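Read through the structure below, which is laid out as structure tokens, and then see the notes.
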Amino acid sequence: MHFHHPTTLADATQAVAEGATPLAGGTDLMVEVNFRHRRPEHVVGLRKVEELGAWEGNRIGAGVTWRRLEHGGPQALAEAARTVGSPQIRNAGTIGGNVVTASPAGDGLPFLVAVDAKVEVMSAEGGRLVPWDVFFVGVKKTTLAADELVTAIHLPESLPERQAFGKVGVRSAMVIATVGCVVTRTDDGKTTVGLGSVGPTPLRASRAEEMISSVTRPTESDLAEFQKMVSDEARPITDHRSTEEYRRHAVGVLARRLLERCLR
Amino acid sequence: MIVEFLLNGEPATARIVSPVSLLDVLRDQLELPGSKNACEQGECGSCSVVLDGEIVCSCLVMAADVGDSEVVTVEGIGGDGLTPVQRAMHHSGAVQCGFCTPGIVVVAADLFARNPNPTTLEIKEALAGNICRCTGYGAIIRSFEKLARETS
């Protein structure tokens, strides 16, 4: 087996260009290895690449762990980070790994789509910034090229004043989301809704956003309408974790509660 | 490839020929069977170790990735006799079949090192990633509540 241990980004992207499989926290890749689904013989460990762990302002390095996000991230992202796995998982797993794995249930993704984050990717040839809706294309499918590495997440310069994350699962710790959601609202009412686990990629509930953004003081009937619109815009499926019907119902209820939290 | 790292304070060497986990190498090659192998997916916490100062599941660490790192397993926690965490568990009957115990000792040692006086909620959150299939959580949590009271 061939294992690279770079400390610089240049050496890391070079290894990826040579065909090495990137390994960050290992919380997804090693499960596949342990279950004999994958057996990467050429791997580049990213844990000691300092540039990937850098976090300055709105640029969060791909190697930033949930543990760090939990204690210093923007509100809804910190709330999401706190629900990821267990302390052991949060010490290892990274925001970059969440994005690259692109699981519909990725806990960080509803926030990233709600604030229109961009994914910074780099190859030995150079870098590019990819809007989230270009990056995520299907269940665990992204437009990341084979020779590219996700190096950072770019959040917008200013984030909405009010943000809330929520997740539905069978217990409150150590659980994969049945439904995940982030609602943000600015002081002038602009509202965004990021949804997870209710479609092949994370989604935005655009029509619900537009409706509720135009309402300064939502009434009971506005909230009910918002809930229904979010449910309608979700694209859930039935799988081993839940049913389409339950997810559709739960995501509407959850989005409404998070909006109410933003309005308080 | 040969991987050299610091294991329980001593230099260690492992010969790695495939992308196996640190857990496998600890148990099968380095004769440290304290870390247990159960779920192999980071769910149960029975393989918890300290890697470069942070608790992680050793089943999710690729052994090849620990070169130049520092690993502490349950065998490396404490010295002669029982540590306060181990004594607390022993005195409160917080061990049933014992399979989850090493992982809980590693995690609780980390908790008390960072926060000598954790609340019940903090104890529960710290242990959220350690599953006890005997469902002996009550005694485990009580043992650490007692320890927290003693150290406050």
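Among the residues making up segment B:103-127, those that are open to solvent by less than 60 Å² (accessible area, probe 1.4 Å), under 27 Å from A:V170 (Cβ atoms) and touching a helix residue (DSSP H, G or I) at 6+ places or on another chain (Cβ under 7 Å) are B:I104, B:V106, B:V107, B:A108, B:L111, B:P118, B:T120, B:I123, B:A126, B:L127. Among the residues making up segment A:119-136, none is polar (S, T, N, Q) and open to solvent by 30 Å² or more (accessible area, probe 1.4 Å). Considering segment A:139-154, the residues that are more than 15 Å from the chain's Cα centre (by Cα) and open to solvent by 50 Å² or more (accessible area, probe 1.4 Å) include one that is farthest from A:E18 (Cα to Cα), namely A:T143.
The numbered conditions (1) in a helix (DSSP H, G or I); (2) within 11 Å of another protein chain (Cβ to nearest Cβ); (3) over 20 Å from A:L144 (Cα atoms) are all true for A:H71 except (2). If you check A:R248, A:R264 for being open to solvent by 40 Å² or more (accessible area, probe 1.4 Å) and closer than 23 Å to A:P160 by Cβ, only one passes: A:R264. Has segment A:100-118 got at least one residue that is open to solvent by less than 10 Å² (accessible area, probe 1.4 Å), out of contact with any strand residue (DSSP E or B) (no Cβ under 7 Å at 6 or more places or on another chain) and within 14 Å of another protein chain (Cβ to nearest Cβ)? Taking every residue of segment A:100-118 in turn, none turns out to be open to solvent by less than 10 Å² (accessible area, probe 1.4 Å), out of contact with any strand residue (DSSP E or B) (no Cβ under 7 Å at 6 or more places or on another chain) and within 14 Å of another protein chain (Cβ to nearest Cβ).
Only one of the listed residues (B:E70, B:E10, B:E31, B:E75) is within 14 Å of another protein chain (Cβ to nearest Cβ) and surrounded by fewer than 22 Cβ atoms within 10 Å (Cβ to Cβ). That residue is B:E70. Filtering segment B:108-152 to residues that are touching a Pro at 6+ places or on another chain (Cβ under 7 Å), closer than 22 Å to B:G79 by Cα and within 12 Å of another protein chain (Cβ to nearest Cβ) leaves only B:L111. Buried (at least 21 other Cβ atoms within 10 Å of the Cβ), within 25 Å of A:L29 (Cα to Cα) and free of Cβ contacts under 8 Å to residues at least 12 places away in the same chain, is that true of B:V50? It is false that B:V50 is buried (at least 21 other Cβ atoms within 10 Å of the Cβ), within 25 Å of A:L29 (Cα to Cα) and free of Cβ contacts under 8 Å to residues at least 12 places away in the same chain. Taking the conditions (1) of a type in the set (K, R); (2) within 18 Å of A:A102 (Cα to Cα); (3) open to solvent by 60 Å² or more (accessible area, probe 1.4 Å) in turn, A:K190 satisfies each one other than (2). Conditions first: (1) more than 11 Å from chain B (Cβ to nearest Cβ); (2) free of Cβ contacts under 8 Å to residues at least 24 places away in the same chain; (3) not in a loop (DSSP other than H, G, I, E, B); (4) not aliphatic (A, V, I, L, M). A:Q88 passes all but one, so which condition is the exception? Looking at each condition in turn, A:Q88 falls short on (1). When segment A:49-68 is filtered for residues that are of a type in the set (D, E) and assigned to a strand (DSSP E or B), only A:E56 remains.
Scan segment B:54-86 residue by residue and report those that are without any contact (Cβ under 8 Å) to a residue 60 or more places away in the chain and of a type outside the set (V, I, T).
B:E54, B:S58, B:C59, B:L60, B:M62, B:D65, B:G78, B:G79, B:D80, B:G81, B:L82, B:Q86
Among the residues of segment A:28-77, those identified as polar (S, T, N, Q) and open to solvent by 30 Å² or more (accessible area, probe 1.4 Å) are A:N58, A:Q75. Taking the stated definitions as given, is A:H249 part of a loop (DSSP other than H, G, I, E, B), of a type outside the set (F, W, Y) and free of Cβ contacts under 8 Å to residues at least 24 places away in the same chain? It is false that A:H249 is part of a loop (DSSP other than H, G, I, E, B), of a type outside the set (F, W, Y) and free of Cβ contacts under 8 Å to residues at least 24 places away in the same chain. Here B:S18 meets the list (1) within 15 Å of A:N34 (Cα to Cα); (2) open to solvent by less than 10 Å² (accessible area, probe 1.4 Å) almost entirely, failing just condition (2). Among strands (runs of 3 or more DSSP E) entirely within segment B:1-85, having at least 3 residues that are over 17 Å from the mean Cα position of the chain (by Cα) singles out B:2-7, B:10-15.
So which of A:R256, A:R241, A:R207, A:R235 is free of Cβ contacts under 8 Å to residues at least 60 places away in the same chain, in a loop (DSSP other than H, G, I, E, B) and either among the aliphatic types (A, V, I, L, M) or out of contact with any Lys or Arg (no Cβ under 6 Å at 6 or more places or on another chain) (or both)? Within the list A:R256, A:R241, A:R207, A:R235, the selection yields A:R235. When we screen A:T8, A:T13 for residues that are out of contact with any strand residue (DSSP E or B) (no Cβ under 9 Å at 6 or more places or on another chain), more than 10 Å from chain B (Cβ to nearest Cβ) and polar (S, T, N, Q), the only hit is A:T8.
Which condition does A:K167 not pass, out of (1) open to solvent by 20 Å² or more (accessible area, probe 1.4 Å); (2) closer than 30 Å to B:C57 by Cα; (3) touching a strand residue (DSSP E or B) at 6+ places or on another chain (Cβ under 6 Å); (4) not in a strand (DSSP E or B), if it passes all the others? So the condition that A:K167 fails would be (4). Any residue at all in segment A:16-23 that is of a type in the set (D, E, K, R) and within 7 Å of another protein chain (Cβ to nearest Cβ)? Checking segment A:16-23: not a single residue is of a type in the set (D, E, K, R) and within 7 Å of another protein chain (Cβ to nearest Cβ).
The values are calculated or read from the model by the stated rules, or taken from the named source; none is laboratory data. Worth saying up front: this structure is predicted, and the values here are computed from it rather than measured. Note that we place each Cβ from the backbone using ideal geometry, even for glycine, and neighbour counts take in every protein chain shown. Protein only, heavy atoms only, side chains kept; ligands, DNA and RNA dropped before computing areas. Shrake-Rupley method; radii C 1.70, N 1.55, O 1.52, S 1.80 Å.
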